[in-house]
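The values are calculated or read from the model by the stated rules, or taken from the named source; none is laboratory data. Note that the coordinates shown come from a computational prediction; the quantities given were computed from them, not determined experimentally. So basically every Cβ, Gly included, is an ideal-geometry build from the backbone, and we count neighbours across all protein chains shown. In case anyone asks, the SASA skips ligands and DNA or RNA and just uses the protein heavy atoms, side chains included. Shrake-Rupley method; radii C 1.70, N 1.55, O 1.52, S 1.80 Å.
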Amino acid sequence: MTISPLQKARYEYEPKLPGMLRKGVANIAVKEGEPTQSVADQEAIKALFPNTYGKNEITFVEGESTAKPEKQVVGVILSGGQAPGGHNVISGLYDALKAANPENVLLGFKGGPSGLIEDDFVEFDDAFINEYRNTGGFDIIGSGRTKLETEEQFNIVADVAKKHGMNAIVIIGGDDSNTNAAVLAEYMAAHNTGVQVIGAPKTIDGDLKNDDIEASFGFDTATKTYAELIGNIERDANSAKKYWHFIKVMGRSASHVALEAALQTQPNICLISEEVAAKKMSLSEIADYIADSVEKRAANGDNFGVAIIPEGVVEFVPEFSALIAEINELLAGSKADDFNALPTWKDKYEFIKNGLTKESFEVFDILPENIQQQLFLERDPHGNVQVSLIESEKLFSALVANKLKERKEKGTYTGKFNPLHHFFGYEGRCAFPSNFDADYCYSLGYNAALLIQNGFTGYLSKIANLSKPAAEWVAGGMPITKMMNIERRHGEDKPVIKKALVELEGAPFKFFEANRDKWAEETCFLYPGAIQYYGPEEVCDLTTRTLALEQE
């Protein structure tokens, strides 16, 4: 196999573990903390998880191990979208199991949860693992989005575990995947299968976080990758001095990625979806806000700039959310067939005009035609608009262009506005993990093995104190049910891990808020450059600005 020089060098990088996990598995003991309860809906969650609810948080400390000495067979899956560092979670899990007992076995189930259902797996050995250490991607065993949520699925997984003599399953995933992990752990405990279930917190979106989970893995690498690209564009903008760049960044509903990228690069504009919702901003108000920056910079002779647009921002605009809801109702059932049968966009436009309320049609009518049409293209499996497919970077640049045209007609604006558009998403999901993510992920996997060896189930592998050097990190575990609440999903009340949105009172947003007016008018760009793997620790092991500000 031909590999790049960087790939070869990263294979040889030795991830840093928390000081406690360096003691050797025989010298690590368990310190129990306080019992836990769910973040909300305590009685409902307790009733759904009678065997795994209310367990104590735990921390690993120096002492004589009481871990199980017998041979262990552990299964692992990668679930959901890719995030840098997944390979290192598996590497850390493998190394810890082998350090405890060379006879221990780690099975990787292919293609995510479906691999467990189909019993499609590989048994890891040193040669296999060594080809994936410190590399990006999930290609070691692949991933998938199958949900483990039915009694039939649980029965199959239990049978597969029994067939292989497995005593534990590790699920590496985001909020939905770890919700599935909690439900599977409860099933396994209720049926006395002897199979433990442990989760690891993954998502580049940054929305799997709380007082206990300081950061989800992959967020550091993805935001540094996007920040490098945004910095490159800022430098190009400052060189050419004639383009406004509208950059949409991945992140689902939350704006953590956009905010972190802004903290690293200091663009002229960064929208924060949570603020848009809190202020009930309309599309017109958002367009005016951006146009104000364009106008002020033009008055200074700067007909260029950079605006960061979070992926899910349009969902947070109240009038746009109302429009989406009406469109979903307008095309419900057989009415979608009637709409699709219309021969021209003009006919479809009239159908829409007659089907929407006056208020929603006014919002629809200010949208550029290409955005109007995007609202009626691909639907999700439930027949709803796929908001993530809306090219919001083009939407806002078009709305800003209209605002500037009006201002030119009034004589208040005399500058030039030439927009360019970008979407950064997949570029960040499989990058070589930063040193932080390489270390963090390896620690999560190593720690998961210790949770298994000490008999825990329904727990999330937890590494804390992350803004400090790795030697000072704290390892332990947290019951997944602590993070859960009840939400309405597809017409049913479901227990789910609560998504973390940007805290408008939090230190990262407050820092951004205090500086953005200056950034909007002046050219304050920062150019973070590529991720550094070798060199001074203050450069190579630097954590996110978000985490640094949160723990100052």
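Using a 1.4 Å probe, how large is the accessible area of Met20, given in Å² and rounded to the nearest 10?
Per-residue accessible area (Met20): approximately 40 Å².
May I ask you to give the average projected area over all directions of the convex hull of the Cα atoms of the stretch 282-387, in nm² rounded to one decimal? Can you show the working numbers first?
On the way: hull surface 31.4 nm².
Over all viewing directions, the stretch 282-387 projects a mean Cα-hull area of 7.9 nm².
How big is the stretch 188-257 along each principal axis, measuring the range of its Cα positions in Å and listing the largest first?
67, 21, 19
What is the packing order of peptides 223-234, 394-405, taking the mean over residues of other C-beta atoms within 10 Å and listing the highest first?
The peptides rank, most packed first, as 223-234, 394-405.
For helix 507-521, report the angle its Cα long axis makes with the longest principal axis of the Cα atoms of the chain; keep it between 0 and 90° and round to the nearest 10°.
The angle comes out at about 30 degrees.
Would you rank Thr66, Thr457, Thr412 by solvent-accessible area, highest first, keeping every protein chain in place and using a 1.4 Å probe? Before the final figure, lay out the partial values.
Values: Thr66 115, Thr457 35, Thr412 80 Å².
Descending order: Thr66, Thr412, Thr457.
With label points built 7 Å along Cα→Cβ from the Cα atoms of Arg145 and Ser284, find their separation and express it in nm.
Label-label distance for Arg145 and Ser284, simple model: 3.6 nm.
From the alpha carbon gyration tensor of the stretch 345-480, can you work out the equivalent ellipsoid semi-axes (sqrt of 5 times each eigenvalue) and give them in Å, largest to smallest?
So the equivalent ellipsoid measures 49, 24, 13 Å along its semi-axes.
Within 13 Å, Cβ to Cβ, of Ile352, how many net charges do the neighbouring residues add up to if Lys/Arg are +1 and Asp/Glu are -1?
-3
Work out the length of the dipole vector of the chain about its Cα centre, built from +1 on the beta-carbon of each Lys and Arg and -1 on the beta-carbon of each Asp and Glu, and round it to the nearest 20 debye.
Details: 55 positive and 81 negative charges, 148 e Å.
Value, rounded to 20: 720 debye.
Please give, to one decimal in nm, the separation of the simple spin-label points placed at Glu538 and Lys410, each 7 Å out from Cα toward the Cβ.
4.9
Which one of Thr150, Leu460, Phe49 is farthest out on the positive end of the charge dipole of the chain, using unit charges on Cβ (Lys, Arg +1; Asp, Glu -1) and the Cα centre as origin?
Projecting each Cα onto the dipole axis, the largest value belongs to Leu460.
Find the Rg to Rh ratio for the stretch 79-199, where Rh is the Kirkwood radius over alpha-carbon pairs and Rg uses the same atoms. Don't skip to the end; give the middle numbers.
Numbers: Rg = 13.8 Å, Rh = 14.6 Å.
Ratio value, two decimals: 0.94.
In whole Hz and in residue order, list the ³J(HN,Hα) couplings for the stretch 457-469 that follow from phi through the Karplus curve 6.51 cos²θ - 1.76 cosθ + 1.60, θ = phi - 60°; x for Gly and Pro.
8, x, 10, 9, 5, 10, 10, 10, 6, 6, 7, 8, x
For Cα pairs less than 8 Å apart in space and 6+ apart in sequence, what is the mean separation divided by the residue count of the stretch 402-533, i.e. the relative contact order in percent?
Numbers: 81 pairs, mean separation 17.9, N = 132.
It comes to 14 percent, rounded to a whole number.
Using the Karplus curve 6.51 cos²θ - 1.76 cosθ + 1.60 with θ = phi - 60°, work out ³J(HN,Hα) for each residue of the stretch 48-64 in order, rounded to whole Hz, and write x for Gly and Pro.
In residue order, the calculated couplings are 7, 10, x, 8, 10, 7, x, 5, 7, 5, 9, 10, 8, 10, 6, x, 6 Hz.
What is the local net charge at Ile45, summed over the other residues whose Cβ is closer than 12 Å to its Cβ (Lys, Arg +1; Asp, Glu -1)? Display every interim value, and only then the final one.
Numbers: positive: Lys46, Lys482, Lys494, Lys498; negative: Asp41, Glu43, Glu186, Glu487, Asp493.
Counting the neighbours of Ile45, the net charge comes to -1.
Taking a 1.4 Å probe, which of Ile156, Ile58, Ile531 shows the most accessible area, and what order do the others take after it?
Values: Ile156 55, Ile58 5, Ile531 35 Å².
Sorted by accessible area, descending: Ile156, Ile531, Ile58.
For the stretch 492-545, what are Rg and Dmax over the alpha carbons, in angstrom?
So, for the stretch 492-545, Rg and Dmax equal 17.5, 52 Å respectively.
Given Cα pairs under 8 Å that are at least 6 residues apart, what percent is the relative contact order of the stretch 455-519?
On the way: 54 pairs, mean separation 12.8, N = 65.
Relative contact order comes out at 20 percent.
Explain nothing, just the number: relative contact order of the chain, from Cα pairs under 8 Å at least 6 residues apart, as a whole percent. Before the final figure, lay out each step's value.
On the way: 1143 pairs, mean separation 135.5, N = 552.
About 25 percent, as a whole number.
When the accessible area of the chain is split by element with a 1.4 Å probe, what percent falls to carbon and sulfur? Don't skip to the answer; put the middle values down first.
Values: 11220 of 22960 Å².
Result for the chain: 49 percent of the exposed heavy-atom area is carbon or sulfur.
Can you list the HN-Hα couplings for the stretch 324-335, worked out from phi with the Karplus curve (6.51, -1.76, 1.60; θ = phi - 60°), rounded to whole Hz and with x for Gly and Pro?
Values per residue, Gly and Pro as x: 4, 4, 5, 5, 4, 6, 4, 9, 5, x, 6, 5 Hz.
Measure nothing fancy, just the Cα-based angle from helix 219-240's long axis to the longest principal axis of the chain, in degrees from 0 to 90, nearest 10.
For helix 219-240, the angle is close to 30 degrees.
Can you give the net charge of the other residues whose Cβ lies under 13 Å from the Cβ of Glu260, counting K and R as +1 and D and E as -1?
Details: positive: Lys209, Lys224, Arg545; negative: Asp205, Asp207, Asp220, Glu228, Glu550.
Residues near Glu260 contribute -2 overall.
Give the peptides 422-428, 119-125 in descending order of average Cβ contacts within 10 Å, highest first. Intermediate results must be reported in sequence, preceding the final value.
Working: 422-428: 17.9, 119-125: 15.4.
Listed from highest to lowest mean packing, they are 422-428, 119-125.
Would you calculate the volume per residue, in Å³, of the smallest convex hull containing every Cα atom of the stretch 460-517? Spell out each step's value before the answer.
Numbers: hull volume 7.8 nm³, N = 58.
Expressed per residue, the convex hull around the Cα atoms of the stretch 460-517 is 135 Å³.
Per residue, how many Å² of accessible area does the stretch 264-328 show with a 1.4 Å probe? Let's see the in-between values first.
Working: 1890 Å² over 65 residues.
With all protein chains present, the stretch 264-328 gives 29 Å² per residue.
With n ≥ 4 as the cut-off for DSSP H runs, can you work out [θ] at 222 nm for the chain, using -39500 (n - 2.57) per run divided by the number of residues, rounded to the nearest 500?
Numbers: 21 runs with 232 residues, N = 552.
That comes out to -12500 deg cm²/dmol.
Find how many whole Å separate the alpha carbon centroid of the stretch 86-144 from the alpha carbon centroid of the stretch 249-301.
41
Treat the chain as a sphere of radius equal to its Kirkwood radius over Cα pairs and apply Stokes-Einstein at 25 °C in a medium of 0.890 mPa s; give the translational diffusion coefficient in µm²/s, rounded to a whole number. All intermediate terms of the calculation are to be shown ahead of the outcome.
Numbers: Rh = 25.0 Å.
Taking Rh from Cα pairs, D becomes 98 µm²/s.
Got a number for the accessible area of Arg235? Probe 1.4 Å, square angstrom, nearest 10.
Accessible surface of Arg235 is approximately 130 Å².
Working with all protein chains in place, sort Arg488, Arg297, Arg252 by solvent-accessible area computed with a 1.4 Å probe, largest first. Spell out each step's value before the answer.
On the way: Arg488 155, Arg297 0, Arg252 85 Å².
Heavy-atom accessible area, descending, gives Arg488, Arg252, Arg297.
With +1 assigned to the C-beta of every Lys and Arg and -1 to the C-beta of every Asp and Glu, and no other charges, what is the dipole magnitude of the stretch 177-271 about the Cα centre in debye, to the nearest 20?
Numbers: 8 positive and 11 negative charges, 102 e Å.
The calculation lands at about 500 debye.
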